[in-house]
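Before any comments, here is the structure.
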């Protein structure tokens, strides 16, 4: 049996009609190597489904960028391009997912002295409130009521020196009994928070 010779098909010829090397022609078009005397079956048309290609300039850039013959890219190269695109998309989505959400600063009460719900042995001279964010003392209010709902004449709230998140309130002498503290705070970025807690001064109430 006679084995037909192979030659570069029309789609692998240069503009001047010169034949390209067989491996390079195969990279350009899978149907580039055909039996001698036949035509390329790449994107065939007409009655028989076959047609000859016009002369093609065989260059590496054509292999990568030619919009018409893009399907002729080797399977491995197309797979690499798809994987690169998929990897880039995954990285973008991961960045969006892991990106920290914008923080909104609210001054929430962390702890207080006297402590929330605590009982102290002696009357405190000062109420100390610790917040999660710095506060503006001019817009903060702290009111205290004692046994029987009587208001306590507490001082104006002010922040500790060098600690804008610590609010101080001077207290008069407190008789034994249960006290309720109601506070309203405004953080440095104008967010408002409020809360209430109780503490008890030990001893026998008058």
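Derivation of every value follows stated rules applied to the coordinates shown; laboratory data play no part. Here the structure is a predicted model, which is why all the values come from computation and not from measurement. Counting neighbours? That spans all protein chains shown, and the Cβs are built from the backbone with ideal geometry, glycine included.
A few notes on this one:
- Square roots of five times the Cα gyration tensor eigenvalues for segment 99-206, Å: 28, 13, 12
- Note on residue 116 and residue 200: the extension gain reaches 29.3 nm, defined as 0.36 nm multiplied by sequence separation minus the Cα-Cα distance.
- Packing around the peptides 175-183, 127-135, taken as the average count of other Cβ atoms within 10 Å per residue, puts them in this order, highest first: 127-135, 175-183.
- Relative contact order (%) - segment 109-201, alpha-carbon pairs under 8 angstrom, separation at least six: 35 percent
- Per-residue Cβ neighbour rank within 10 angstrom, fewest leading, 199, 139: 139, 199
- Segment 123-184 has equivalent-ellipsoid semi-axes of 22, 11, 9 Å, by the square roots of 5 times the alpha carbon gyration tensor eigenvalues, sorted largest first.
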